[in-house]
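Here is the structure we will look at, set down as C-alpha cells.
All of the numbers you see were taken from the coordinates with simple rules; none came from a lab. Because the structure is a prediction, the values reported are computed rather than measured. Cβ placement follows ideal geometry from the backbone for every residue including glycine, while neighbour counts extend to all protein chains displayed.
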C-alpha cells in the first residue's frame, strides 16, 4: 500500500504540533500494522510546502529536520523499486521523538 502524505501530515509530527501530531502518528501506526509493506510518498509540491514555515521563521533547526526526513531513499518510489516505506515511516516518528513502528 502506498500512502501519499499531504504536507500537513509531515509538518505536524516533525514540528510536534499537538494534538494533530499524535493523530497523524496514530493513523500511520494503524496503517503500518494493517499493511506491513506500507510505502510513504509525497508530491514535490508537498516537500516545498513543508519548507515554507521554517524558511519564513528563519528556523534552521526545523528546516534541517524536514530535510532529513526528505532524504529517506524509500520515501518516494519505494513500491516501484520493490521496497517498502519502512525507514521513511520510522524516520518521521524519530524526528518527533516517538518511534511509529
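Run the simple label-point estimate for residue 18 and residue 71 please: 7 Å along Cα→C-beta, distance reported in nm.
Distance between the two pseudo-spin positions: 2.9 nm.
Mind checking the full-extension length gain between residue 44 and residue 27? Use 0.36 nm per residue of separation minus the Cα-Cα distance, one decimal, nm.
Once the chain is fully extended between residue 44 and residue 27, it gains 3.9 nm.
Quick one: if the Förster radius is 35 Å, what FRET efficiency do residue 2 and residue 52 give, using the C-beta to C-beta distance and rounding to 0.05?
The formula returns an efficiency of 0.90 here.
Please arrange 39, 30, 62 by counting, for each residue, the other beta carbons lying within 10 Å of its beta carbon, fewest first. Intermediate values should be presented prior to the final figure.
On the way: 39 23, 30 10, 62 19.
Ordered from fewest to most neighbouring Cβ atoms within 10 Å, 39, 30, 62 come out as 30, 62, 39.
Sort the following peptides by mean Cβ neighbour count (other Cβ atoms within 10 Å, averaged over residues), highest first: 7-20, 40-53.
7-20, 40-53
Quote the FRET efficiency, to the nearest 0.05, computed for residue 59 versus residue 37 with a Förster distance R0 of 41 Å and r equal to the Cβ-Cβ distance.
E(calc), rounded to 0.05, equals 0.75.
Based only on Cα atoms, what mean projected area does the convex hull of segment 30-71 have, in nm²?
Mean projected area of the Cα convex hull: 3.7 nm².
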